[in-house]
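This report concerns only the one structure given below.
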Amino acid sequence: MTNAPNRAGRRVSDKSTKKSPRRRAGPSDARLREMIEEATVDAHDESEQMVGFYTMLEENLATPFKTEVLGVEVTVERIEMTDDEQIVAVCARGRSRQRIPILELPLPTTPPEGADWIMAFRHWARGGR
């Protein structure tokens with residue numbers, strides 16, 4: 001990399017101007033509310049609402065996909081619901097596996113198909129019902 005003067009005599013870098021990838025904007029609040037309604041329409045309590053979100057994630061989230069956890073690339077192999085009714089992502093690196101709550105899972109810069117359901121679940125979990 002060199003710093004060459006431009007026409008105005010200022011030093012400028014000839015470093016590549018490659019743009020960093022942009023995160024796709026998430027769904028609107030109105031769309032999130034529609035998704036929450038779709039996931040919880042037949043639910044009578046919070047437990048059933050969790051099952052509704054799990055079902056929507058299971059049906060719509062494209063797995064596997066890669067993301068970064070604590071600076072390390074991992075592969076999200078699948079989504080599971082634990083015995084204590086948490087929705088978790090099963091993350092793999094080599095032969096190791098770790099379950100990470102979907103509420104805490106960092107999404108990649110380019111989220112996988114169906115990641116809007118993660119956003120809807122997070123909105124619901126924060127009280128955006």
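If the chain linking Gln86 and Glu38 were pulled fully straight, counting 0.36 nm for each residue of separation and taking away their Cα-Cα distance, it would gain 15.3 nm. Here the gap between Arg97 and Arg126, fully extended at 0.36 nm per residue and compared with their Cα-Cα distance, gives a gain of 7.7 nm.
Applying Stokes-Einstein at 4 °C and 1.567 mPa s to the Kirkwood radius of the range 26-125, computed over alpha-carbon pairs, gives a translational diffusion coefficient of 94 µm² s⁻¹.
Rule-based calculations on the coordinates, nothing more; no lab input. Note that this is a predicted model, so its numbers are computed, not measured.
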